[in-house]
Amino acid sequence: MHRRFTGGPQMHEATAFWVERPGAGALRPVALAAPGDGDVLVRTLHTGISRGTETTVFNGRVPSSEYERMRAPFQEGAFPGPVKYGYLNVGVVEQGPSALVGRVVFTLYPHQSAFVVGADDVVPVPEGVPARRAVLAGAVETAVNVLWDAAPLVGDRITVVGAGMIGCCIARLASGIPGAEVVLVDVDPAKAAVAARLGVAFATPGDAPHGRDLVIDASASEAGLQLALETVVTEGEVIEAGWFGDRPATLSLGADFHSRRLSIRSSQVGAVAPHRRGSRTTRDRLALALELLRDPAFDALLTGSSSWRELPEVMARLAEGPSGELCHTIDWSDA
């Protein structure tokens, strides 16, 4: 049996962010249950906004066919709302098994000031990984899965289309492959500075190199996917890592699509990539992502921070349209 720590009064209430209806969010008080045997009480330090997915949820753009598949691990409510949604949470264990008390942990939990989950639902953040950087674990985990799907080789010429949070994580990890030549492509020329911090080359769509061994589209746009098809090598494969929500995509599959025998294959983080499914669990994958976050280059993706009190306004602003934000973090330290 685990020895438990109960120091200090039990928290009975927390604050959580809910999408009340498409385009509107609010902070709500929520009751906290007392931790049972095998549970932990976590006090949140930082949460991160996964901009692409969370703004799709905020705007009510989740297709009805995906309502169940898109559920977050600790989601409450249902699409299109009211719904409590999110999955990038870093906090400190206040109560629970003695081995975890005082540890900083990552949890796939929504935006909430404190919460109770099973001890097996939290993953300790390694020493040397700052708590705010650790919110990127979900994005790096996605990048790991994409690269397991893509299976790049030594010396590959790799293009990543879309310099959002996921695309940047993929590019940084791919740059560690010996001999790999990685180019990050984005419509925003300002993303060149981020690419430089990540140690990869940058190009706008008009200057994107052709004949690439592997092209990964993380733009979630039809123009990005079309560019990926145009720039991959003959008989090459494009990995589609973006999520379009309920937006249709129109592609030009005439011209040389068939003569060059091109392929498009999807990658999705909900399950471990088939190449590793027999040997790695989702927890193994998340623990690997946290270890990879020892790399300080990932700090280039932390582009803004706000108090939890501003979260409804911040989410609405990010959902309005394109911005220079990659990962906007929410500070819960004084909640």
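The values are calculated or read from the model by the stated rules, or taken from the named source; none is laboratory data. Predicted model, so just to flag it, every value in this text is computed and none were measured. Ideal geometry is used to build each Cβ from the backbone, glycine not excepted, and the neighbour counts take in all protein chains shown.
Below are the figures for this structure:
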quantity	calculated
The stretch 98-143 - residue that is out of contact with any strand residue (DSSP E or B) (no Cβ under 7 Å at 6 or more places or on another chain) and surrounded by fewer than 19 Cβ atoms within 10 Å (Cβ to Cβ) and, of those, nearest to Thr303 (Cα to Cα)	Pro130
Residue check, Arg280 within 28 Å of Ala151 (Cβ to Cβ), surrounded by 15 or more Cβ atoms within 10 Å (Cβ to Cβ) and more than 16 Å from the chain's Cα centre (by Cα)	yes
Scope the stretch 206-224; condition part of a helix (DSSP H, G or I) and either without any contact (Cβ under 8 Å) to a residue 40 or more places away in the chain or in contact with a Cys (Cβ under 9 Å, 6 or more places away or on another chain) (or both); matching residues	Gly206, Asp207, Glu222, Ala223
Neighbours by Cβ (under 7 Å, 6+ apart or cross-chain): first from the stretch 231-254, more than 18 Å from Ser50 (Cβ to Cβ) and assigned by TED's automatic domain parsing to the domain that holds Val183; second β-branched (Val, Ile, Thr) and outside any strand (DSSP E or B)	Ile239/Val146
Matching option when the condition is at pLDDT 95 or above and surrounded by fewer than 14 Cβ atoms within 10 Å (Cβ to Cβ), among Ser266, Ser307	Ser307
Cβ pairs under 9 Å, 6+ apart, first in the stretch 149-175 and at pLDDT 95 or above, second among the aromatic types (Phe, Trp, Tyr)	Ala163/Phe202; Cys168/Phe298; Cys169/Phe298; Arg172/Phe298
Residues of the stretch 240-265 classified as among the aliphatic types (A, V, I, L, M) and either under 30 Å from Pro22 (Cβ atoms) or not in a loop (DSSP other than H, G, I, E, B) (or both), total	4
Residue under evaluation Val19, criteria (1) over 18 Å from the mean Cα position of the chain (by Cα); (2) outside any strand (DSSP E or B); (3) surrounded by 13 or more Cβ atoms within 10 Å (Cβ to Cβ), criterion not met	(2)
Candidates Val183, Val144, filtered to the one that is farther than 28 Å from Arg277 by Cβ and not assigned by TED's automatic domain parsing to the domain that holds Asn89	Val183
Inter-residue pairs, beta-carbon under 7 Å, first more than 10 Å from Met315 (Cα to Cα) and free of Cβ contacts under 8 Å to residues at least 24 places away in the same chain and in the stretch 17-34, second loosely packed, with under 14 Cβ neighbours inside 10 Å and among the charged types (D, E, K, R), 6+ apart	Pro29/Glu13; Ala31/Glu13
Selected residue (only one of Val182, Val187 is at pLDDT 95 or above, part of a loop (DSSP other than H, G, I, E, B), under 28 Å from Thr56 (Cβ atoms) and of a type in the set (Val, Ile, Thr))	Val187
The stretch 46-94, residues that are among the hydrophobic types (A, V, I, L, M, F, W, C), in contact (Cβ under 8 Å) with a residue 24 or more places away in the chain and surrounded by fewer than 21 Cβ atoms within 10 Å (Cβ to Cβ)	Ala72, Phe74, Val92
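Okay, residues lined up against (1) modelled with pLDDT of 95 or more; (2) surrounded by 12 or more Cβ atoms within 10 Å (Cβ to Cβ); (3) over 30 Å from Pro124 (Cα atoms):
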residue	(1), (2), (3)
Ala228	yes, yes, yes
Thr231	yes, yes, yes
Gly242	no, yes, no
Thr250	no, no, yes
Ser259	no, no, yes
Gly270	no, no, no
Ala289	yes, yes, no
Leu292	yes, yes, no
